[in-house]
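Read through the structure below, which is laid out as structure tokens, and then see the notes.
The values are calculated or read from the model by the stated rules, or taken from the named source; none is laboratory data. Keep in mind the model is a prediction, meaning the values are calculated, not measured. Reconstructed Cβ throughout: ideal geometry from the backbone, glycine too, with neighbour counts over all protein chains shown.
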Amino acid sequence: MKRRQIMRYAGVGLLAAVGAGLSSSFASSLAQAGQSVTVQYFGHTCFLFTGGGVRILVNPFRSLGCTAGYKPPKVASDLVLISSQLLDEGAVEILPGNPRLLYEPGSYQVNGRQIQGIRMDHDRLGGRRFGVNVAWRWKQGGLDILHLGGAAAPITTEQQILMGRPDLLLIPVGNGPKAYGPEEAKQAIDVLQPKIIIPTHYLTKAAAKDACDLVPVDNFLTLMKGTPIQRAGSSITLSRASLPKTGSIIQVMNYA
């Protein structure tokens, strides 16, 4: 029943955002040119991106399993992108207000802003266990952003073409049955060559429950030895000036 409720909500939200068009206030916000984007971390793969007059929330969750220790991200947003309809990446019914919602792969024109949803497998069995994962690519605050959601399969040539070379890559690194482990994440990074890397979907103190089968971010950082690492709190503001002139940097964010 819960899954059906989420799918019903998603269908209504998608029609409101794409079929019926956006509200004039949201449309004008999207048209504003922002020079930076603030990234706020809510745990697991959930982030809020604020910049250019718009707030984009990715992968709100329910507090259960590996997200049991995190507070539900009940934050205001204009647009919500979800990578799957599992409850750790698609609990849209918890959100306040009536944000617009995209949840399926495809290319969307949202009043001049292109948002690309890229279909990937959410497990290592061709999607037979956990279905489809949607990786999201868009531009905001002058940055080309790619959020891989719960990617579990290697990136194909076709997917790489759609993903391009992101300025900011959010990538799962904590392993488990439905997302990259450290080695798989490194392989994806070698393919995409991003400028800033934010690890997601790993074990934290908030997520350290018996039901959680993730590994800590340090496993990934050890594997990426030689790549500069910066640490921040739960929020960071980035601009083109933040980008390294050569190579990549890893930005580790902490759950508040």
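Could you tell me how many of the residues in the stretch 110-126 are more than 19 Å from the chain's Cα centre (by Cα) and either on the phi > 0 side of the Ramachandran plot or of a type outside the set (D, E, K, R) (or both)?
From the stretch 110-126, those more than 19 Å from the chain's Cα centre (by Cα) are 111-112, 124-126; that's our starting set.
Keeping just the survivors that are either on the phi > 0 side of the Ramachandran plot or of a type outside the set (D, E, K, R) (or both) gives 111-112, 125-126.
The number of residues fulfilling the criteria is 4.
Is it the case, given these coordinates, that LEU169 is modelled with pLDDT under 95, crowded, with 18+ Cβ neighbours inside 10 Å and not in a loop (DSSP other than H, G, I, E, B)?
It is false that LEU169 is modelled with pLDDT under 95, crowded, with 18+ Cβ neighbours inside 10 Å and not in a loop (DSSP other than H, G, I, E, B).
With ALA185, ALA241 as the choices, which residue is out of contact with any strand residue (DSSP E or B) (no Cβ under 9 Å at 6 or more places or on another chain), under 29 Å from ARG55 (Cβ atoms) and either crowded, with 20+ Cβ neighbours inside 10 Å or without any contact (Cβ under 8 Å) to a residue 12 or more places away in the chain (or both)? If you could, list the steps in order and put the result at the bottom.
Details: ALA185 fails: out of contact with any strand residue (DSSP E or B) (no Cβ under 9 Å at 6 or more places or on another chain).
Result: ALA241 is the single residue among ALA185, ALA241 that is out of contact with any strand residue (DSSP E or B) (no Cβ under 9 Å at 6 or more places or on another chain), under 29 Å from ARG55 (Cβ atoms) and either crowded, with 20+ Cβ neighbours inside 10 Å or without any contact (Cβ under 8 Å) to a residue 12 or more places away in the chain (or both).
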Original post:
Of the residues in the stretch 118-152, how many are crowded, with 23+ Cβ neighbours inside 10 Å, assigned to a strand (DSSP E or B), touching a His at 6+ places or on another chain (Cβ under 7 Å) and among the aliphatic types (A, V, I, L, M)?
Top reply: 1
